[in-house]
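Engineer: This is the structure I have questions about; it appears just below.
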Amino acid sequence: MLTEIKKFSSESANQAADILKKGGIVAIPTETVYGLAANALDENAVKSIFAAKGRPQDNPLIVHISNFDMLKPLVTEIPKLARQLAERFWPGPLTMIFDKSDIVPVETSGGLSTVAVRMPANDAARDIIEKCGFPLAAPSANSSGKPSPTAARYVYEDMNGKIPLIIDGGTCRIGVESTVICFKDDKIRILRPGGVTAQMLGEYAEVEIDKAVETAPKSGEKVLSPGMKYKHYSPKANVYIVNAKGEDFALFCSKKMSENALFLSCGEREGFTDYGETSKIQAQRLFSLLRKADEMGAETVYVEMPSKEGIGLAVYNRLLRAAGFKVIEPHRD
Ligand code: AMP
Ligand code: MG
């Protein structure tokens with residue numbers, strides 16, 4: 001199959017909607033990362049997403065809507081808190097989990113009785129959903145396990161020959177996937193951190209952070225967010241988080257300079273690759289730098305410990321999974 005890349009326009013959006021209406025899949029930009037979209041209510045269309053990504057069937061998809069009215073038919077109930085959060089954070093990088101209605105196929109929900117829903121802030125994404133008139137299941141448009149794509153060319157790397165069309169909407173503004181939350185006893189539980197932070201959600205209810213965010217699940221342990229149990233977001237290179245900052249990180253790396261490695265520092269430092277001074281910039285750059293490691297043929301990536309504040313928790317969470325939870329403690333050497 002020939003894979004076309006087209007800049008977002010009303011014409012390319014119409015072409016995308018035509019493909020989606022016929023049960024096909026199209027990669028679309030969102031403010032978080034690029035998504036691999038198909039009709040969320042068509043089980044065969046959804047199956048082709050899993051096939052293109054090589055994604056495990058038990059890893060549910062997020063359903064994307066373009067207006068609040070599209071939520072009602074997908075769920076059995078909308079809690080008051082969810083309404084308040086939708087009012088404040090939609091459109092935006094917040095995914096909420098609801099009990100699903102019968103129209104949502106089990107293929108979309110990964111066999112769960114719940115459905116994850118989000119309204120993207122990206123205009124191209126909402127325009128395409130609006131033109132379709134049905135919600136789009138849209139997981140990140142990478143091959144399963146690889147770093148999520150934050151630009152159209154990265155989608156092409158993974159999906160060339162597998163999908164007919166990539167809509168190019170430029171570089172993703174946020175760069176890490178949405179915050180995923182569920183509700184329990186009037187509390188908010190963060191299953192995956194993202195651009196809508198614990199601090200922001202804390203203005204509305206008590207917030208708990210699921211232990212899967214910062215720790216590896218034990219084998220056989222039940223996880224609330226199936227996607228979080230896998231090694232993920234990973235380049236071919238071996239990634240290590242180094243639990244050191246500034247001069248201590250530089251000192252650790254100075255002993256590794258002979259290796260074929262990429263050194264990612266928080267801010268500019270001679271001889272290092274800067275992955276950003278602030279958490280916001282780190283989120284924007286992280287996935288493209290992990291892909292760059294492979295482009296360079298690096299065998300190892302050493303990453304300076306990021307701040308875990310705000311969107312920094314999302315950066316840390318993705319890094320942990322890219323590293324397969326390997327954190328080096330240089331002070332204990
Ligand atoms: P991605 O589609 O790559 O952005 O990943 C979607 C994430 O949302 C994965 O970590 C899923 O496990 C999680 N997710 C989707 N639907 C649900 C659900 N119904 N319950 C819990 N987690 C979900
Ligand atoms: Mg993903």
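Engineer: Output wanted: per-residue J couplings in Hz (rounded whole) for the range 241-258, from phi through Karplus 6.51 cos²θ - 1.76 cosθ + 1.60, θ = phi - 60°, x for Gly and Pro.
Structural biologist: Those phi angles translate into 8, 9, 7, 7, 10, x, 4, 5, 5, 4, 5, 4, 5, 4, 7, 10, 4, 7 Hz.
Engineer: Which of the GluC sites (Glu not before Pro) across the range 183-253 are loop residues per DSSP, with 13 or fewer other Cβ within 10 Å? Show your work: numbers first, answer last.
Structural biologist: Values: sites: Glu203, Glu206, Glu208, Glu214, Glu221, Glu247; in loops: Glu203, Glu206, Glu214, Glu221.
Of the GluC sites (Glu not before Pro), the ones in loops of the range 183-253 whose Cβ has at most 13 other Cβ atoms within 10 Å are Glu203, Glu206, Glu221.
Engineer: Here is a follow-up. Give the aspartates and glutamates reachable from Lys146 as a straight Cα distance under 14 Å; neighbours fewer than 8 places away on the same chain don't count.
Structural biologist: Output for Lys146: Glu157, Asp158, Glu177, Asp294, Glu295.
Engineer: So in the chain, what percent of DSSP beta bridges are antiparallel if you round to the nearest 5? It would help to have the intermediate numbers written out before the result.
Structural biologist: Numbers: 18 of 46 bridges.
The antiparallel fraction comes to roughly 40 percent.
Engineer: So how tilted is helix 80-89 from the main axis of the chain? Cα-based, degrees 0 to 90, rounded to 10.
Structural biologist: Helix 80-89 sits at roughly 70 degrees to that axis.
Engineer: What is the gain in length, in nm to one decimal, between Asn243 and Lys22 on full extension, counting 0.36 nm per residue of separation less the C-alpha to C-alpha distance?
Structural biologist: Details: separation 221, 0.36 × 221 = 79.56 nm, distance 4.95 nm.
So the extension gain works out to 74.6 nm.
Engineer: Per residue of the range 104-113, in order, report the coupling 6.51 cos²θ - 1.76 cosθ + 1.60 (Karplus, θ = phi - 60°) as ³J(HN,Hα) in whole Hz, putting x for Gly and Pro.
Structural biologist: My calculation for the range 104-113 gives 8, x, 5, 4, 5, 8, x, x, 7, 8 Hz in order.
Engineer: Using only Cα atoms and rounding to the nearest 10 degrees, what angle (0 to 90) does helix 43-53 make with the longest principal axis of the chain?
Structural biologist: With both axes taken from Cα atoms, the answer is about 20 degrees.
Engineer: While we're on this one: Hey, which aspartates and glutamates would be in cross-link range of Lys47, C-alpha to C-alpha under 14 Å, not counting anything within fewer than 8 residues on its own chain?
Structural biologist: The qualifying aspartates and glutamates are Asp58, Glu107.
Engineer: Under a cut-off of 13 Å between alpha-carbon atoms, report the aspartates and glutamates in cross-link reach of Lys131, not counting same-chain residues fewer than 8 places apart.
Structural biologist: The qualifying aspartates and glutamates are Glu11, Asp18, Asp123.
Engineer: Any idea what angle helix 10-21 forms with the longest principal axis of the chain, computed on alpha-carbon atoms, 0 to 90 degrees, nearest 10?
Structural biologist: Orientation of helix 10-21: about 70 degrees from the principal axis.
Engineer: While we're here: I'd like the distance separating the alpha-carbon centroids of the range 207-259 and the range 305-325, in whole Å.
Structural biologist: After rounding, the separation between the Cα centres reads 7 Å.
Any read-out appearing in this document is the output of simple, stated calculations on the displayed coordinates, not a laboratory observation. This one's a predicted model, so the numbers in the text were calculated from it and none came from an experiment. Neighbour counts run over all protein chains shown; Cβ positions are idealised from the backbone, glycine included.
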